[in-house]
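The values are calculated or read from the model by the stated rules, or taken from the named source; none is laboratory data. Every value quoted in this text rests on a predicted model; they were computed, and no experiment measured them. For neighbour counting, all protein chains shown are included, and Cβ atoms are generated from backbone atoms with ideal geometry for every residue, glycine included.
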Amino acid sequence: MSVLRRAGELGLIACTVCGLVCRVAPGGDRHDGAAAVMACPRCGSGLHRRKPNSYARTWALLIAAFIMYIPANVLPIMRTASLNDVDDNTIISGVVELWRVGSPNLAVIVFTASIVVPMLKFLVLGALLLSSQLGSGWARVQRAKLYRLVELVGYWSMLDVFVVALLTALVRFSVLSLVEPLPGVIFFGLTVVLTMLASMSFDPRLIWDGRDSDD
């Protein structure tokens with residue numbers, strides 16, 4: 001059975017903006033990381049065989065997200081106040097409180113979306129970056145599926161932010177209690193956005209390139 005030829009060998013490049021597959025004339029694109037010299041005929045975007053500087057941008061965003069994740073867990077994300085009680089809750093203390101008051105299902109959901117999912121994204125993206133940069137041929141199909149899974153579940157990490165926003169809006173109608181967001185929720189939101197940008201910056205085609213550059 002003959003090996004299928006790659007798009008690059010056929011002189012084809014897919015536009016990352018509109019998806020149009022374009023045929024590139026010999027010498028019509030660069031491989032040194034510089035801006036493409038050929039534009040998509042449909043949307044005018046520059047054409048690249050690989051996302052420029054994918055490794056550097058993804059590492060930078062992933063490290064920044066991890067730095068933001070530390071205060072997101074240390075600082076309180078929500079303050080609840082009633083007539084005789086004021087509580088500042090971090091993510092973990094909020095999960096414990098949900099479990100204590102008899103909402104184990106909600107506690108598991110919040111714990112999964114706020115702790116498990118971000119940590120898995122850090123580990124998976126870090127593993128994808130390292131294995132691709134080292135040119136590893138190990139489990140390429142499984143690594144590609146992991147990348148698609150990270151993109152799929154990334155948006156659910158915003159659950160904590162949505163919960164705080166919803167509670168704040170609902171409790172505004174009560175005169176006996178108060179819920180307000182605290183700085184921790186800002187750092188958590190930044191963590192989610194940065195990890196989403198990191199997964200978007202990573203070019204999954206690098207998984208199949210071995211030691212090829214990410215130009």
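Assorted remarks:
- On the stretch given as region 52-98, residues that are surrounded by 17 or more Cβ atoms within 10 Å (Cβ to Cβ), outside any strand (DSSP E or B) and of a type in the set (S, T, N, Q) total 4.
One line per residue, one yes/no per condition, for (1) within 16 Å of the chain's Cα centre (by Cα); (2) at pLDDT 80 or above; (3) not assigned by TED's automatic domain parsing to the domain that holds Y69:
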{"position": "F111", "(1), (2), (3)": "no, yes, no"}
{"position": "S114", "(1), (2), (3)": "yes, yes, no"}
{"position": "L159", "(1), (2), (3)": "yes, no, no"}
{"position": "G184", "(1), (2), (3)": "no, yes, no"}
{"position": "A198", "(1), (2), (3)": "yes, yes, no"}
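- Selection within region 6-31 - small (G, A, S), over 18 Å from G44 (Cβ atoms) and at pLDDT below 70: G8, G27
- Complete set of residues in region 131-144 that are surrounded by 12 or more Cβ atoms within 10 Å (Cβ to Cβ), of a type outside the set (S, T, Y) and assigned to a helix (DSSP H, G or I): Q133, R140, R143, A144
- The requirement of being touching a helix residue (DSSP H, G or I) at 6+ places or on another chain (Cβ under 8 Å), in contact (Cβ under 8 Å) with a residue 60 or more places away in the chain, under 20 Å from Y55 (Cα atoms) and among the small types (G, A, S) is not satisfied by S114.
- Subset of region 32-44 that is modelled with pLDDT of 80 or more and either touching a strand residue (DSSP E or B) at 6+ places or on another chain (Cβ under 8 Å) or buried (at least 17 other Cβ atoms within 10 Å of the Cβ) (or both) - its residue that is farthest from L128 (Cα to Cα): P41
Quick grid of which residues meet (1) surrounded by 17 or more Cβ atoms within 10 Å (Cβ to Cβ); (2) touching a Ser or Thr at 6+ places or on another chain (Cβ under 7 Å); (3) farther than 21 Å from F66 by Cβ; (4) at pLDDT 85 or above:
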| position | (1), (2), (3), (4) |
| --- | --- |
| L125 | yes, yes, no, yes |
| Y147 | yes, no, no, yes |
| W156 | no, no, no, no |
| S177 | no, yes, yes, no |
| P181 | yes, yes, yes, no |
